[in-house]
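S.K.: Here it is, the structure in full.
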Amino acid sequence: MNIFQIVKMALGEIKANKLRSFLTILGISIGTASVILFVTISIGSKQSMYKSFESKPLDLITTSVYGDKKITEFDIKVLKSSSNVKEISPEISDSATVSYDKKDSKKSIVGTDENYAKLNNTKIKSGRFIMPIDNDKSTKVIVLGSKVASELFPKGDALGKTINIKSIPYKVIGVLSKIDEAYNSPEDDTIYMPYKTAQIVLGVSDISKLNVQSASNDSVTNTMDEIKAHFTKKGMAPNDSYVSSNKEMIDSMKSMDAIMNLMVGAIASVSLFVAGIGIMNMMLVSVNERTKEIGIRKALGSPRNFILVQFLVESLTISLIGGILGSSIGILGSFPILGTMGAEPYIAWNVVFAAVGFAVFMGVVFRISPANKASKLQPIVALKSE
């Protein structure tokens, strides 16, 4: 009997036992779908995180101080004199009530200078950013983040308008582009003004944060060490300040990828292994139910290899159907989940093919024992079993 006859009989057996076949396919589908969902969401969210960090230059270093410790103009002058530092932008942040058209809302306010946009790779959608003269004269001008602009001016006519912050009028001179279309960034919901103006309006005279541009990507580590050494020399304890860089963050995240991938792979393997156990149980039941049929076939001269191959073909078909169905569920199910996380839709095709292939492999492996048991039955023993 040729292979086509074996396949035809195997498919006929699957069709004849719809419930058993459905339950087996369901187990494989759930295992495959859970693997693809878990891996896809993990990779998709990591890519979104990478993208958020990579939207900022790798040579950008941020320095913050806590407690009663302060950053002064003298600190900026000292650090800027270093050969490892290319540029520095101070930052003062707070929140305040913003009023426009009889509507009040609380927004984040950042006081900074003209270097902020360049250092943070911030794009101007319309108008201009803060200029040196704005800080020199403490002018009452502001630049709106994209979200603030769309909320206050849904028709897009923000330039030249006047907004009240703490009951003081400010003229809108610019609107920033959205940081990233894929997710909402806190910077989009922020209002920027000259930091000299912010010191007066917010009542905060001290600088809380520095944006430092290193001379090059290769000198980022040396620049960070130099900043830490400066604040240590000033009398700050290690916990009084925090110095970080986008390059350091990305390198740290990438170093953790191997561990995360190992964990994901372990969980994926367990899910499919459990599905494989279900397949083997179903196949053992199938062998017990079909003992008499196997005995008749062997009595009529069916070779052992024929019975073995038939059972394996049944398993291969069921595993393949379950794997394809599970991968479809996993792919389609990952899109809304990634959407709620603010991550871009992502399909890890290598994981999909690996999951389907592994499901088929597990189906065949766990089918070997029952199939081998069925093929070795003696005709007289099989016929006497019922």
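The values are calculated or read from the model by the stated rules, or taken from the named source; none is laboratory data. Here the structure is a predicted model, which is why all the values come from computation and not from measurement. Cβ: placed from backbone, ideal geometry, glycine included. Neighbour counts: every protein chain shown. Protein only, heavy atoms only, side chains kept; ligands, DNA and RNA dropped before computing areas. Shrake-Rupley method; radii C 1.70, N 1.55, O 1.52, S 1.80 Å.
S.K.: Can you send over the carbon and sulfur percentage of the accessible area for the range 113-165, probe radius 1.4 Å, protein chains only?
M.R.: 50
S.K.: For Met131 and Asn184 in the same chain, what is the full-extension length gain: residue separation times 0.36 nm, less their Cα-Cα distance, in nm?
M.R.: Between Met131 and Asn184, full extension yields an extra 16.4 nm.
S.K.: Starting from the range 87-153, pick out the trypsin sites (Lys or Arg not before Pro) whose DSSP state is loop and whose Cβ has at most 15 other Cβ atoms within 10 Å.
M.R.: Qualifying residues, ordered by number: Lys102, Lys123, Arg128, Lys137.
S.K.: Would you calculate the separation in nanometres between label points at Val270 and Thr340, each defined as 7 Å from the Cα along the Cα-to-beta-carbon direction?
M.R.: The two pseudo-label positions are separated by 2.3 nm.
S.K.: While we're on this one: Enumerate the calculated ³J(HN,Hα) couplings along the range 241-248 in order (Karplus 6.51 cos²θ - 1.76 cosθ + 1.60, θ = phi - 60°), each rounded to whole Hz, writing x wherever the residue is Gly or Pro.
M.R.: Once rounded to whole Hz, the list reads 9, 9, 10, 9, 9, 5, 4, 5.
S.K.: Can I ask one more? Taking 0.36 nm per intervening residue step and subtracting the Cα-Cα distance, what contour gain separates Thr232 from Leu159 on full extension?
M.R.: 21.9 nm
S.K.: Quickly work out the Lys123-to-Ser252 label distance, labels modelled 7 Å from Cα along the C-beta direction, and quote it in nm with one decimal.
M.R.: 2.9
S.K.: Net charge near Asp189, counting Lys/Arg +1 and Asp/Glu -1 over other residues with Cβ under 10 Å of its Cβ?
M.R.: Residues close to Asp189 contribute a combined charge of -1.
S.K.: Continuing with this model, one more query. Roughly what would the spin-label model give for Asp225 and Asn239, points 7 Å off Cα along C-beta, in nm?
M.R.: Reported label-point gap for Asp225 and Asn239 is 2.6 nm.
S.K.: So how do Phe361, Phe231, Phe335 rank on accessible area, 1.4 Å probe, biggest first, that is with the largest at the start?
M.R.: Heavy-atom accessible area, descending, gives Phe361, Phe335, Phe231.
S.K.: Using 0.36 nm per residue of separation minus the Cα-Cα distance, give me the extension gain between Asp104 and Val204 in nm, one decimal.
M.R.: In short, 33.8 nm is gained.
S.K.: Now, a different point. What are the residues whose amide H is under 5 Å from the amide H of Ile71, where those residues sit 5 or more places off or on another chain and H is modelled from the backbone?
M.R.: Result for Ile71 returns Ile207.
S.K.: Next question. Determine ³J(HN,Hα), in whole Hz, for all residues of the range 131-139 in sequence, where each value follows from phi through the Karplus function 6.51 cos²θ - 1.76 cosθ + 1.60 and θ = phi - 60°; x replaces Gly and Pro.
M.R.: 10, x, 5, 5, 7, 4, 9, 6, 5
S.K.: Pull up all non-local amide H partners of Lys86: gap of 5 or more, or a different chain, and H-to-H distance under 5 Å with H placed in the peptide plane.
M.R.: Gln213, Ser214, Ala215
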